[in-house]
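The values are calculated or read from the model by the stated rules, or taken from the named source; none is laboratory data. Note that the structure is a prediction, hence the values are computed from the model and not measured. Cβ placement follows ideal geometry from the backbone for every residue including glycine, while neighbour counts extend to all protein chains displayed.
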Amino acid sequence: MNEDLPQEYGPKWSDQRVERMLGALVCGVVALLLALIVTVFVHAWPSFAHNGLAWFSAGGDVEEQLNAISLSAQTSGDYIYTFHAWPLIWSTMLITGGAVLIALVSALFVSVFIVEFAPEWMSNILQPVIRFLASVPSVIYGLLGVLVLVPFIGNHLVTEGQKASVAGVISLTGYSLLAAILVLTVMIAPLMVSIFSDGLRAVKPGWIEGSLGLGINRWRTTWKIGVRSARPAIVAGTVLAVARAIGEAVMLAMISGSVAFAPNPADGLIFIYEPSRPLGPTIVKNIDQLSSPPFNATLFSIAAVLLFSAAMFSLAGWLARRSMRKYLMP
Amino acid sequence: MRDASTQDPPLTVPPVPPPDQHDPPGAHQRKGAVEGSATWSLSDRIGLAICWALGLLFCAIAVAIVVYLLVQGIKFLRPEMLWTPAAAGFSETETGGFSDALFGTLIVAAMGIAIALPIGVAIAVWLVEYGRPTALARVTESTIEAIAGIPSIVLALFGTVIFSSTALGFLSRSSEGVVFGRSFFAAATMLSLVALPLIVASVREGLNSIPRHVREASYAVGKTKAATTRRILLPTCRPQVATGAMLGLGRIIGDTAIIVVLLGATQNFAPVEGVGFPFNYLRGAGTTLTNFVYEASPTGNLNQPQKAYAAAFVLLLMVLALNAAVDIVHRRARKVGTWSH
């Protein structure tokens, strides 16, 4: 003991020094995040500057615009930046929204089940199952989607009549909104379940008992007291799941169809069988164009939009949780 | 502190009596209140049925994924695939295996966690033990949260900017001043950011669960804060460090976007010429199992679904092994009583 005392008191590992070193490291990580944000927006700027708000609007064929951007870098010094991303944004909104909605409802039921109603053996099975589903790599979900779900939808769910009715516009092969939403739901629901059930477990037992004591049955008590007071956790889990869903690129690149097409719900239910391509997969599919300056700016502008929307959802979640502070457990 | 640890064994916290597993605070009254659903109204009972249905559905999905990949894996996985590199060819019999992808996954996982673990532990220690000034601590917390929320494809694009800069040319291939920017160094560095938030969260939880009096006892015998952290706090929350590392590993081996962008669209190692042994590979492009599965799927460039299944099966085995390891650590820690809940 005595031998190493001088060492531990020595200047090399003195508290101030360690604190300063750790503090510097922490500052470095914060700086890295700032650098990331600045870099992405600086690289994205040419695209936004040329398009203005029209970047977010519909207009023309996205594939043709991307081709023109890529050609302009090869042929002349005049770079073309024209890019109207609405079909991609719309596809992202539909897929993310659909998946988050389904996942939210089912995750609520499953977490209530795990925490309150499942028999011991059932929750002992469900918890590892949820953990497993959350840890399966997205590319495996993508592979199963492409080789199992997509052919199933293409061969069995979509009728010949439906295929013929849109034959001139788009071909329905099974790569569809439906496949993307279903697989994405399975990917994000486990994340929600694990956060929701932590929240439900932390509800003050006194509140639950109070309600039970008033003669309200366990089901209603759970939903009116448990789920309500676990709302901060529900918001947190949903925000995390939305961030994951918006950013998911590889799995969606495999099964969403990779056509810059905007499915229109006004066409009736057939729109869920139509292919599309969200923002993330557009980056993955065109990554080999990264070295051409105008294309680089376009891809970074997509990344900037992803980053911005993820940040906005976090902010919204933070504001929502602030207003629910009274439910937070000490 | 060179070899002090060999001379005097680190002070460890005497095991706290294990918390009763079936008795998480607050839950026991509820579990005790046995109430059948017989007296409930119809809508409540339908709700409970939905709970059961969804719970069973999740189990069924998990079983289906495992069984389906197991069947396909057994059908298509040949042992020689594990040590044959991918080759060009016209049919699935000519194209070799995916040994480079398998080794690539191992290399990337090792490098990524080697970067993320020390940084993650250091950040967690700073947040819990130091955390001054408070403003910086709050900023750091939000930063870690933000990093967890950044889509990995955005991290990948950021990586292309950093690693294509001439200053970092020594980490990848460069010719005539143009830096290629795709290498194991680049991919592993960005992947470590993916693992970082998980490690920080896990280690923080561990440090927070150590009672205050343990630290005070250590200060009372004259240990500095740094020594206390190193000798007492970190050894005590070893299970949480291990859990964080394994969760991080799972995310690293499962990530595809960063690999596709930063490791290169090749299926073989592409070592850089004229560099010493490990570095020629690490500075070169490569591939991992996730990238192989992506490229070998029908939407990729190779389109060899059978090999994609085989590689996905190997990947799934790795994930299952990591899950099992987390479980074992969890259980052992509970037995010893250093786990918080």
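Structure values in brief
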read-out: Test result for B:VAL125, touching a Ser or Thr at 6+ places or on another chain (Cβ under 6 Å), within 13 Å of chain A (Cβ to nearest Cβ) and either over 30 Å from A:ALA31 (Cβ atoms) or touching a residue at least 40 places away in the same chain (Cβ under 8 Å) (or both); value: yes
read-out: Complete set of residues in the stretch A:248-286 that are surrounded by fewer than 18 Cβ atoms within 10 Å (Cβ to Cβ), under 28 Å from B:ALA312 (Cα atoms) and either out of contact with any helix residue (DSSP H, G or I) (no Cβ under 9 Å at 6 or more places or on another chain) or without any contact (Cβ under 8 Å) to a residue 40 or more places away in the chain (or both); value: A:LYS285
read-out: Residue satisfying condition, being more than 8 Å from chain A (Cβ to nearest Cβ), in contact with a strand residue (DSSP E or B) (Cβ under 9 Å, 6 or more places away or on another chain) and free of Cβ contacts under 8 Å to residues at least 40 places away in the same chain, within set B:GLY96, B:GLY131; value: B:GLY96
read-out: Residue match in the stretch B:150-161 (condition: of a type in the set (Phe, Trp, Tyr), at pLDDT below 90 and assigned to a helix (DSSP H, G or I)); value: no
read-out: Matching residues in the stretch A:214-239 - criterion: being assigned to a helix (DSSP H, G or I) and at the interface with another protein chain (Cβ under 7 Å from one of its Cβ atoms); value: A:ARG218, A:TRP219, A:ARG220
read-out: Those residues of the stretch A:269-303 which are more than 11 Å from chain B (Cβ to nearest Cβ), among the hydroxyl-bearing types (Ser, Thr, Tyr) and farther than 11 Å from A:LEU177 by Cβ, in sequence order; value: A:SER292, A:THR298
read-out: Selected residue (only one of A:SER111, A:SER91, A:SER123, A:SER106 is within 14 Å of chain B (Cβ to nearest Cβ) and within 18 Å of the chain's Cα centre (by Cα)); value: A:SER106
read-out: Qualifying residue in the stretch A:154-168 (condition: within 14 Å of another protein chain (Cβ to nearest Cβ) and either surrounded by fewer than 16 Cβ atoms within 10 Å (Cβ to Cβ) or farther than 20 Å from A:ALA243 by Cβ (or both)); value: yes
read-out: Flag for A:SER258 being at the interface with chain B (Cβ under 8 Å from one of its Cβ atoms) and within 21 Å of A:GLY174 (Cβ to Cβ); value: yes
read-out: From the options B:ALA146, B:ALA186, B:ALA156, B:ALA101, residue that is under 22 Å from A:ALA303 (Cβ atoms) and touching a Phe, Trp or Tyr at 6+ places or on another chain (Cβ under 7 Å); value: B:ALA186
read-out: Qualifying residue in the stretch B:164-172 (condition: touching a helix residue (DSSP H, G or I) at 6+ places or on another chain (Cβ under 6 Å), free of Cβ contacts under 8 Å to residues at least 40 places away in the same chain, of a type in the set (A, V, I, L, M, F, W, C) and more than 28 Å from A:VAL239 (Cβ to Cβ)); value: no
read-out: Any hit, the stretch A:215-227, residues being among the hydrophobic types (A, V, I, L, M, F, W, C) and within 27 Å of the chain's Cα centre (by Cα); value: yes
read-out: Residue within the stretch B:182-201 that is assigned to a loop (DSSP other than H, G, I, E, B), more than 23 Å from B:THR288 (Cα to Cα) and modelled with pLDDT under 90 present; value: no
read-out: Candidate set: the stretch B:260-308, residues that are among the aliphatic types (A, V, I, L, M) and assigned to a loop (DSSP other than H, G, I, E, B); chosen: the one surrounded by the most Cβ atoms within 10 Å (Cβ to Cβ); value: B:LEU263
read-out: Number of positions in the stretch A:168-213 that are hydroxyl-bearing (Ser, Thr, Tyr), assigned to a helix (DSSP H, G or I) and closer than 24 Å to A:TRP90 by Cα; value: 1
read-out: Tally, over the stretch A:309-330, of residues that are of a type in the set (A, V, I, L, M, F, W, C), within 10 Å of chain B (Cβ to nearest Cβ) and not in a loop (DSSP other than H, G, I, E, B); value: 4
read-out: Whichever residue in the stretch B:53-75 is facing chain A (nearest Cβ under 7 Å) and of a type in the set (A, V, I, L, M, F, W, C) and, among such residues, is farthest from A:ILE125 (Cα to Cα); value: B:ILE65
read-out: Odd one out for A:VAL250, checked against (1) within 14 Å of chain B (Cβ to nearest Cβ); (2) closer than 20 Å to A:VAL166 by Cβ; value: (2)
read-out: Selection count, the stretch A:44-99, where residues are in a helix (DSSP H, G or I), closer than 16 Å to A:THR282 by Cα and touching a residue at least 12 places away in the same chain (Cβ under 8 Å); value: 21
read-out: Test: residue in the stretch A:204-213 that is surrounded by fewer than 21 Cβ atoms within 10 Å (Cβ to Cβ), touching an Asp or Glu at 6+ places or on another chain (Cβ under 9 Å), within 11 Å of chain B (Cβ to nearest Cβ) and of a type in the set (A, V, I, L, M); value: yes
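So that you can scan it fast, the table gives a plain yes or no per residue for (1) at the interface with chain A (Cβ under 8 Å from one of its Cβ atoms); (2) under 26 Å from B:THR95 (Cα atoms); (3) more than 20 Å from the chain's Cα centre (by Cα):
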position: B:ILE258; (1), (2), (3): no, yes, no
position: B:VAL272; (1), (2), (3): no, yes, yes
position: B:GLY276; (1), (2), (3): no, no, yes
position: B:THR299; (1), (2), (3): yes, yes, yes
position: B:ASN303; (1), (2), (3): no, yes, yes
position: B:LEU322; (1), (2), (3): yes, no, no
position: B:ILE328; (1), (2), (3): no, no, no
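Residue-wise test of (1) within 29 Å of A:ILE283 (Cβ to Cβ); (2) polar (S, T, N, Q); (3) free of Cβ contacts under 8 Å to residues at least 40 places away in the same chain.
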position: B:PHE277; (1), (2), (3): no, no, yes
position: B:ALA308; (1), (2), (3): yes, no, yes
position: B:PHE313; (1), (2), (3): yes, no, no
position: B:MET318; (1), (2), (3): yes, no, no
